[in-house]
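Below: one structure, written as structure tokens.
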Amino acid sequence: MTPAARQRTLLAVIAALLLVIAGMAYKFIVAGSVVAAPDGRRTIVLADGERAFVLAEMRGFVVGLQKLTDALARDDMKAAAAAASSMGMAAAHDVPGTLVAKLPLEFKTMGFGVHREFDAIALDAQSLGDPKHTLKQLAATLAQCVACHATYQFALAPGR
Ligand code: HEC
């Protein structure tokens with residue numbers, strides 16, 4: 001092989017490797033592990049423990065929402081801020097890497113967006129102390145729960 005031919009081969013190998021890396025990055029960051037659901041939603045296929053992990057986080061939202069609405073009904077803005085921040089970014093830590101790779105980018109964006117909004121709700125509840133304002137923010141955030149549930153569902157991988 002001439003030096004020029006060897007260089008061309010090397011460049012072709014590098015290009016192929018870059019394509020493989022780009023493909024993997026797309027799969028892990030953007031696409032996730034998604035199939036079409038019969039009801040028109042998109043099904044994210046997860047392992048048993050991963051599904052349990054996300055559903056537990058979802059039920060955590062309901063716990064927080066109960067506390068938040070209870071606090072708002074009592075005009076207790078300190079408790080409202082605490083309830084909102086229990087659903088903030090701090091609640092989103094420790095998501096296993098294998099799970100992150102299976103979640104499509106849109107799902108992660110919406111999910112983290114909701115956590116961030118609860119942090120903003122907590123800050124405003126603390127600084128403004130206006131229950132009506134907090135309720136308005138909450139309604140907007142709940143629309144994100146609705147939007148995601150209308151788009152995605154989970155299924156267990158076969159032979160898990
Ligand atoms: C990024 C997407 C997304 C967001 C945002 C989201 N969810 Fe979910 N949630 C899901 C999916 C997917 C499921 C599983 C539904 C299925 O498989 O049919 C689920 C399931 C649940 C469940 C059922 C839990 C169980 O144990 O079965 C509850 C309750 C829930 N979500 C509440 C909420 C609330 C409240 C919010 C907003 C504060 C929220 N979710 C935001 C995607 C989301």
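The values are calculated or read from the model by the stated rules, or taken from the named source; none is laboratory data. Model, not experiment: these values are computed from the prediction. Every residue, glycine as well, gets a Cβ built from its backbone with ideal geometry; the counts of neighbours run over all protein chains shown. Accessible surface areas use protein heavy atoms only, side chains included; no ligands, DNA or RNA. Shrake-Rupley method; radii C 1.70, N 1.55, O 1.52, S 1.80 Å.
The set of residues from region 28-58 being open to solvent by less than 30 Å² (accessible area, probe 1.4 Å) and without any contact (Cβ under 8 Å) to a residue 24 or more places away in the chain is empty. What about ALA90, is it more than 13 Å from the ligand (Cβ to nearest atom), part of a helix (DSSP H, G or I) and farther than 30 Å from VAL45 by Cβ? So ALA90 fails the test. The lone criterion from (1) within 9 Å of the ligand (Cβ to nearest atom); (2) more than 20 Å from ALA140 (Cα to Cα) left unmet by VAL45 is number (1). Exactly one residue among THR98, THR9, THR43 is among the polar types (S, T, N, Q) and over 16 Å from the mean Cα position of the chain (by Cα), and that residue is THR9. For region 105-142, the tally of residues that are more than 9 Å from the ligand (Cβ to nearest atom), within 30 Å of PHE28 (Cβ to Cβ), open to solvent by less than 60 Å² (accessible area, probe 1.4 Å) and among the hydrophobic types (A, V, I, L, M, F, W, C) stands at 1.
Note on region 129-141: residues that are assigned to a helix (DSSP H, G or I) and touching a residue at least 40 places away in the same chain (Cβ under 8 Å) total 4. Pull up region 59-69, narrow it to residues that are near the ligand (Cβ under 8 Å from one of its atoms) and loosely packed, with under 15 Cβ neighbours inside 10 Å, then point me to the one that is nearest to PRO104 (Cα to Cα). The qualifying residue nearest to PRO104 (Cα to Cα) is ARG59.
In summary, ALA101 fulfils each of the numbered conditions (1) farther than 13 Å from LEU138 by Cβ; (2) within 13 Å of the ligand (Cβ to nearest atom); (3) in a helix (DSSP H, G or I) with the single exception of condition (2).
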